[in-house]
Amino acid sequence: MGHEDLSGKVALVTGATAKRGMGHAIAMRLASQGADVAVLDKIAVSRSLFPGDEGWRGLPEEVEAIEAMGRRAMALTADIGKVDEVEAAVSAVIERLGRIDMLVNCAAIRGTPNVDIVDGDAGEWKALFDINLLGAFLVSRPVVRHMIGRGQGGKIVHFASLAGRFGAKGNAAYAASKWGVIGLVQTLALEVAAHRINVNAVCPGMIVTNLRDDHIAAGARREQITPEAFRAKEYEMVTKSIPIGRMGTVDDIADVVSFLVSSQSDYMTGQSLNVCGGIRMD
């Protein structure tokens, strides 16, 4: 299965500002396949704990990299949990790049890990649902309207999680929000199938990204070691539970998304694909 030429198509990728993030990797992959790409996040630049990332400039640097490939690109900052900001961002992409053929919604927040429901904070639950679930709805709605109006079909990929399929002790808010994403994906897939719009979800397992940077920093402070040492220790422990024997990479995720936005996935919709090295097989 090769990577399809996406020349002439336009992708909107949310959650793209993190240097080690899945959104960044996906934006670069789709551009390398010929697509014009709009990258969106709540902030233009996010810090990274990984050594060597100190000079990362976020969305502007991504735009420069995409344009260096000969593609059109644009950066947008918007909170996908706020309807006016999302609607304005989608309109701006359509106005400047002409259309949206692919939506890849990676934007998400993790919340505080290892907090049992009885100790949960209602404000944090609301924040997680506003971004992870309401945000998925809010960004889907104008894009789907646009795709239906164009009559040329389209591809939508939302990010759920293994936690959204099997539960995650101490991470109820995150798990519940991602379960909701899967329900949204399945329902939307049914509603737009007749318009040749495919809607699917990716359920990553343990992937090396910036998403756990705050957790890594806190653990390093607690154990009085460097973030790099704590990360290595945690990754070694986690890897023992992965049948393939390694943590996942953002390129592993980009490979799957590349397939889901291509014509090779035309007969797939409403699916939630585990990308987890075999941690779960159902």
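For the reader, a short list of remarks on this structure follows.
- Residue, nearest to Val185 (Cα to Cα), within the range 94-126, restricted to residues that are of a type in the set (Gly, Ala, Ser) and out of contact with any Asp or Glu (no Cβ under 9 Å at 6 or more places or on another chain): Ala108
- Considering Ala92, Ala68, Ala78, Ala88, the condition of being in contact with a Leu (Cβ under 8 Å, 6 or more places away or on another chain) and surrounded by fewer than 16 Cβ atoms within 10 Å (Cβ to Cβ) is satisfied by Ala92 alone.
- Scanning the range 128-142 for residues being in contact with an Asp or Glu (Cβ under 9 Å, 6 or more places away or on another chain) and either surrounded by fewer than 20 Cβ atoms within 10 Å (Cβ to Cβ) or over 25 Å from Thr269 (Cα atoms) (or both) gives a total of 2.
- Check on Val118, assigned to a helix (DSSP H, G or I), over 14 Å from Asn171 (Cα atoms), of a type in the set (A, V, I, L, M) and at pLDDT 95 or above: no
- Consider the range 242-268 and keep the residues that are within 20 Å of Leu30 (Cα to Cα) and β-branched (Val, Ile, Thr). The one that is surrounded by the fewest Cβ atoms within 10 Å (Cβ to Cβ) is Thr249.
- Per the listing Ala172, Ala176, Ala127, the residue uniquely touching a strand residue (DSSP E or B) at 6+ places or on another chain (Cβ under 9 Å) and of a type outside the set (D, E, K, R) is Ala172.
- Out of Ala194, Ala168, sole residue that is within 23 Å of Met268 (Cα to Cα), without any contact (Cβ under 8 Å) to a residue 40 or more places away in the chain and of a type in the set (A, V, I, L, M, F, W, C): Ala194
- Qualifying position, being over 23 Å from His195 (Cβ atoms) and assigned to a helix (DSSP H, G or I), among Ala65, Ala107: Ala65
- His146 meets all of the listed conditions (1) in contact with a strand residue (DSSP E or B) (Cβ under 8 Å, 6 or more places away or on another chain); (2) over 24 Å from Ile207 (Cβ atoms) but one, namely (1).
- Conditions (1) under 19 Å from the mean Cα position of the chain (by Cα); (2) in a loop (DSSP other than H, G, I, E, B); number of the one not met by Val90: (2)
- Across the range 164-182, a minimum of one residue is classified as out of contact with any Ser or Thr (no Cβ under 9 Å at 6 or more places or on another chain), closer than 23 Å to Val261 by Cβ and buried (at least 18 other Cβ atoms within 10 Å of the Cβ).
- Of the criteria (1) over 23 Å from Leu190 (Cα atoms); (2) at pLDDT 95 or above; (3) of a type in the set (Gly, Ala, Ser); (4) in contact with a strand residue (DSSP E or B) (Cβ under 8 Å, 6 or more places away or on another chain), which one Ser91 fails: (4)
- The residue that is nearest to Cys203 (Cα to Cα), counting only those in the range 149-182 that are assigned to a loop (DSSP other than H, G, I, E, B) and of a type in the set (S, T, N, Q), is Ser161.
The values are calculated or read from the model by the stated rules, or taken from the named source; none is laboratory data. All figures in this text were calculated on a predicted structure; none of them were measured in a lab. Quick reminder, even Gly has a Cβ in these numbers, built from the backbone with ideal geometry, and neighbours come from all protein chains shown.
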